[in-house]
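For reference, the structure is listed below as structure tokens.
The values are calculated or read from the model by the stated rules, or taken from the named source; none is laboratory data. Values in this document were obtained by computation on a predicted structure and should not be read as measured data. Here the Cβ is made from the backbone with ideal geometry for all residues, glycine too, and neighbour counts use every protein chain on show. With ligands, DNA and RNA removed, areas are computed over all heavy atoms of the protein, side chains included. Shrake-Rupley method; radii C 1.70, N 1.55, O 1.52, S 1.80 Å.
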Number of protein chains: 4
Amino acid sequence: MSVTTQAETPSDRGSDRRSAGARSREATRDRLLTSGIRLFAKDGLNGVTTHDIAREAGVAAGTFYLHFSDKNALFHEIAVDAEERLRHRVEQATSDATRLRDAIHVQVEALVGFAAENRELLRILFSAEAGHEGSEFLDSFSRSIAEGRRQAIETGEMPAEIDAGVVSQALVGMFVRVLLWWVQEPEPVSRETLIDTLTRIQLSGTHPE
Amino acid sequence: MSVTTQAETPSDRGSDRRSAGARSREATRDRLLTSGIRLFAKDGLNGVTTHDIAREAGVAAGTFYLHFSDKNALFHEIAVDAEERLRHRVEQATSDATRLRDAIHVQVEALVGFAAENRELLRILFSAEAGHEGSEFLDSFSRSIAEGRRQAIETGEMPAEIDAGVVSQALVGMFVRVLLWWVQEPEPVSRETLIDTLTRIQLSGTHPE
Amino acid sequence: MSVTTQAETPSDRGSDRRSAGARSREATRDRLLTSGIRLFAKDGLNGVTTHDIAREAGVAAGTFYLHFSDKNALFHEIAVDAEERLRHRVEQATSDATRLRDAIHVQVEALVGFAAENRELLRILFSAEAGHEGSEFLDSFSRSIAEGRRQAIETGEMPAEIDAGVVSQALVGMFVRVLLWWVQEPEPVSRETLIDTLTRIQLSGTHPE
Amino acid sequence: MSVTTQAETPSDRGSDRRSAGARSREATRDRLLTSGIRLFAKDGLNGVTTHDIAREAGVAAGTFYLHFSDKNALFHEIAVDAEERLRHRVEQATSDATRLRDAIHVQVEALVGFAAENRELLRILFSAEAGHEGSEFLDSFSRSIAEGRRQAIETGEMPAEIDAGVVSQALVGMFVRVLLWWVQEPEPVSRETLIDTLTRIQLSGTHPE
DNA sequence: GATGAATGAGTATTCATTCAT
DNA sequence: TATGAATGAATACTCATTCAT
């Protein structure tokens, strides 16, 4: 499957020209990825063993190592893939927005949409376990928000009194906690309320239209 | 010592009526607590072994278990104690505030003050390692913020459009990430800027004075 | 190929009457043998995996087991074949020699010649990895030398004071270590010096001519 | 014990001032060393697992690692200790000998004496398993023999026609194989015959007295 | 109370071997 | 015949925890 679920992946083609062995290999790899996503989301990197993942995937313990060099490699692949998809989704959404308030709204929509459709990936990406991949993503997310804020301050859209560094960390922290809280079952509030509230919190700092 | 460093702890009394054995026991326990705080703050619950803690405390490996039933018990005690101290500090600070904007300001001051004086405890309390104690504290923190917000909405201090549940999670997430970011060396921004910014972010949602 | 490179092996015949399949099978088997020789000579029986051998031979891992029952069987076949070739060479050389001193000289020439032309086989045959095949060859080599000595003592060519059992072990040990040392790159001494010295060492025990 | 059996080692003192724990630790370490020697002598470095050694020593698997960092460390310690003892014994024996023929005789006596009293250590030291410690010892043994030969050639005690490099390898190989053969049960020849024969083999190359 | 040696279950990882394609 | 994915037993090593001294 690769982590993505998009229709154009090779394994989805009706006419898969690869050998039966190659298809079987890919299927096993996918099962390991899927099991890894489920277990990492539930118990975190350290709470899961390669044997757990293999058992969940229905393969022998040694099979894990035919597909991934070790547990970290699997985690890395999952996290990098999730990060790319989230980043792509947010960038797509915000690329058309010209005004800050529009950008903020669509960014929130993209984040919430990703969370709604990828609960497990969200947990993996946003759970801050010591020194893992997600952290880097959140750091770069912070930096991009800080940059956006600084530009907004230059153009006068945002008041200068609010420190961009602090705000960018604050917004990332807000997204992390709110979305991790929201992807529980049952969802504590409706998607609309969530988007609306997260947008308002940010807009309240902008100058009125 | 007990985790607190305040003067009224038993071991600090000049007139300690306990036996020499009891005082020695307490001292050993304190060294284990101190070592635990340092190491947990640096490497997290899973990154530290009981041998590490005993070695850092200068005692034998078995001694650890004379004072704590296991590694989680030590972590729990550190976290609960830290939680109580932080909770107490925030409650003291906010007990006199009558207006919401005042309460918000002193609450931020209390949080930042705690972070400044207890970097290691803050890291332990705010680091979200899979299923550990800190989470419970943050949950109850969220609940108390949500309650405050609901009251502010009733009294008309806050607009009703903003969902109190979402906001309370957002604020906790914000505090967590901003303070963990801030207690690094070197501190990214001054204490004053930090307090001011965190206060403004919250106030921006209130009705203008 | 079979391990030997001599012209009369089936696969070398210009007029190979076997089917294409049979010839292909033989070629695969030969590649596995060649790879096994190279890798066993370099890293020893335990330092090589069947996957290594298959990869070096350019075949799939499972193919190995179509040709050899297991890793030891391949090693055994290589060792037995090498042993036969070395034995044959020595016997050919010594069959014409009537006097002991001639026999010794041509035997040394045969051993050194084999070592020079089959470095890898020599390493495999003479390396004493716990309980492997080479040992049996060396044991039987010892026995044949001991038998020769005993005859030489009977005919008066060798003095009786020297124990034939000890000497035969000594000579084998000498050949093993000296030849393993000599087949390194670069060769520590010239082929002539080597032959001359090994011959003299043995002749020194015989009665002067 | 340390591998040595000499009377002056601390653990042999009637008045052992160390704590019971320290004595117990030493005893366990000694059992592991003893088990290691027995098993390495029998099956070689690669034929033995740390579990085997622990079981033979009557301790749990993990205990092994309280005393040695890994299997190689134990092997190294055994080999280095054995090497030192053998080297010391040979040096002691040859230090007084002024004439080459005397030196050769006492050297052989020392080697055979060591072999007789330390069959297992001899097997460990003289078994050439890929890249292990014993090899280094044998190499340095060769070098020292070669040096001795070169001096003997200079002083006219040995004829110059025999290459010292080849001879030194030959002698080491001879000692290795003969002694490994001799330390079997039952001993193939008497100690006297062995010493006499090994001495004669070497002396046969010297000029007659 | 303190010590620290010992335990043994847990986890990662390798590799000879099998078997469906 | 050849492939190569999969197996699972073997092995190394760690570490929370116990207990005799």
(message) Could you list, ordered by first residue, the pairs with Cβ atoms under 7 Å in which the first is in segment C:63-75 and open to solvent by less than 30 Å² (accessible area, probe 1.4 Å) and the second is basic (Lys, Arg) and more than 6 Å from DNA strand E (Cβ to nearest atom), at least 6 apart or interchain?
(response) C:His67/C:Arg29
(message) Could you check segment D:54-77 and list, in sequence order, the residues that are under 22 Å from D:Ala22 (Cβ atoms), away from every other protein chain (no Cβ under 14 Å) and not hydroxyl-bearing (Ser, Thr, Tyr)?
(response) D:Ala54, D:Ala57, D:Gly58, D:Val59, D:Ala60, D:Phe64, D:His67, D:Phe68, D:Ala73, D:Leu74, D:Glu77
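Residue-wise test of (1) modelled with pLDDT of 95 or more; (2) closer than 27 Å to A:Thr28 by Cβ.
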{"position": "A:Leu74", "(1), (2)": "yes, yes"}
{"position": "A:Glu83", "(1), (2)": "no, yes"}
{"position": "A:Val90", "(1), (2)": "no, no"}
{"position": "A:Leu100", "(1), (2)": "no, no"}
{"position": "A:Leu111", "(1), (2)": "yes, no"}
{"position": "A:Ala116", "(1), (2)": "yes, no"}
{"position": "A:Leu121", "(1), (2)": "yes, yes"}
(request) May I ask you to say which residue of B:Ile37, B:Ile53 is open to solvent by less than 20 Å² (accessible area, probe 1.4 Å), at pLDDT 95 or above, in contact with a Ser or Thr (Cβ under 9 Å, 6 or more places away or on another chain) and outside any loop (DSSP other than H, G, I, E, B)? (result) B:Ile53
(message) Given (1) surrounded by fewer than 19 Cβ atoms within 10 Å (Cβ to Cβ); (2) more than 14 Å from chain C (Cβ to nearest Cβ); (3) within 24 Å of D:Asp139 (Cα to Cα); (4) without any contact (Cβ under 8 Å) to a residue 24 or more places away in the chain, identify the lone condition not met by D:Asp43.
(response) (2)
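When you check B:Ser140 against the structure, is it open to solvent by 10 Å² or more (accessible area, probe 1.4 Å), polar (S, T, N, Q) and either within 16 Å of DNA strand E (Cβ to nearest atom) or part of a helix (DSSP H, G or I) (or both), yes or no? Don't jump to the end; show me each part of the working.
Working: open to solvent by 10 Å² or more (accessible area, probe 1.4 Å): yes; polar (S, T, N, Q): yes; either within 16 Å of DNA strand E (Cβ to nearest atom) or part of a helix (DSSP H, G or I) (or both): yes.
Against the criterion (open to solvent by 10 Å² or more (accessible area, probe 1.4 Å), polar (S, T, N, Q) and either within 16 Å of DNA strand E (Cβ to nearest atom) or part of a helix (DSSP H, G or I) (or both)), B:Ser140 qualifies.
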(request) Among the candidates D:Ala73, D:Ala82, D:Ala41, single out the residue that is within 13 Å of DNA strand F (Cβ to nearest atom), among the small types (Gly, Ala, Ser) and on the phi < 0 side of the Ramachandran plot. (result) D:Ala73
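Can you tell me which of D:Gln107, D:Gln92 is loosely packed, with under 13 Cβ neighbours inside 10 Å, assigned to a helix (DSSP H, G or I), without any contact (Cβ under 8 Å) to a residue 60 or more places away in the chain and more than 16 Å from DNA strand F (Cβ to nearest atom)?
Details: D:Gln107 fails: loosely packed, with under 13 Cβ neighbours inside 10 Å.
The unique qualifying residue is D:Gln92.
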(message) Tally up the residues in segment B:155-209 that are assigned to a loop (DSSP other than H, G, I, E, B), touching a residue at least 60 places away in the same chain (Cβ under 8 Å) and facing chain A (nearest Cβ under 10 Å), please.
(response) 1
(message) For segment B:32-69, give me the residue count where each residue is within 15 Å of DNA strand E (Cβ to nearest atom) and charged (D, E, K, R).
(response) 3
